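The values are calculated or read from the model by the stated rules, or taken from the named source; none is laboratory data. Only a predicted model underlies this, so the values are computations on that prediction, with no experimental measurement involved. Positions of Cβ are generated from backbone atoms using ideal geometry, with glycine treated the same way; all protein chains shown enter the neighbour counts. With ligands, DNA and RNA removed, areas are computed over all heavy atoms of the protein, side chains included. Shrake-Rupley method; radii C 1.70, N 1.55, O 1.52, S 1.80 Å.
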Amino acid sequence: MHNLKGGCHCGNISVDYSTSIAPEDSAPRACQCSFCRKHQSRAVSDPTGSLKFTIHKQSEVNRYTFGIGSCQFLVCCRCGVYVGAFMPDPDDTTGYATLMANALDAQGRYPQATPTVYDGEDGVGKKDRRRRVWTPAVLETIN
Ligand SMILES: [Zn+2]
């Protein structure tokens, strides 16, 4: 297991990612949706791994949503870093997530991202894919 750490720039959002996939062996995805293109998204996940987001101060995190609103794009209001996307399922603190490789301390070990388009999916299709492909995740809020 690789236990990887990271987070936003100021430390308000921290990330603990356990995965059996070494950074060098992962295949980051550059989602081509209008939000991810603006962030040059380089997303990684591992359905057999686990991910924990720790939010130190909730009022300084933007859980941005758009489209069908089924997932939250976690952006730190203090430093502006987009850390990852979280789909609450079944509840507000437990779900699935995809992580920005750039937010990890090991970011330099990850390969270039491959452009990935999900245009053909409806809402149900998106949720099904995330449950299959994203990392089981918990979101903990300290304050
Ligand atoms: Zn921050």
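Distance from the Cα centre of the stretch 89-143 to that of the stretch 31-56, in angstrom? Each part reduced to its Cα centre gives a spacing of 5 Å. Here each label is just a point 7 Å from Cα along the line to Cβ, and for Asp105 and Asn62 those points are 2.8 nm apart. Accessible area per residue for the stretch 2-141, computed on protein heavy atoms with a 1.4 Å probe, is 49 Å². Classification of the stretch 19-80 by its C-alpha gyration tensor yields an oblate form. The axis ratio a/c (a ≥ b ≥ c) is 1.5 or more, and b/c is at least a/b. Electrostatic tally near Val138: other residues with Cβ closer than 13 Å to its Cβ, Lys and Arg +1, Asp and Glu -1, net -4. Fully extending the segment from Gln112 to Thr94, taken as 0.36 nm per residue of separation minus the present Cα-Cα distance, adds 3.6 nm. Scattering from the stretch 2-141 was approximated by placing one identical point on each alpha carbon and applying the Debye formula without solvent; log10 I(q)/I(0) at 0.14, 0.18, 0.22 1/Å stands at -0.57, -1.01, -1.60. For the chain, the tally of Lys pairs with Cα-Cα distances below 26 Å comes to 9, considering only residues 8 or more apart or on different chains. Computed over protein heavy atoms with a 1.4 Å probe, the carbon and sulfur contribution to the accessible area of the chain reaches 48%. Calculate, in nm to one decimal, what Val124 and Ser18 gain on full extension: separation in residues at 0.36 nm each, minus their alpha carbon distance. Length difference between fully extended and current span is 35.4 nm.
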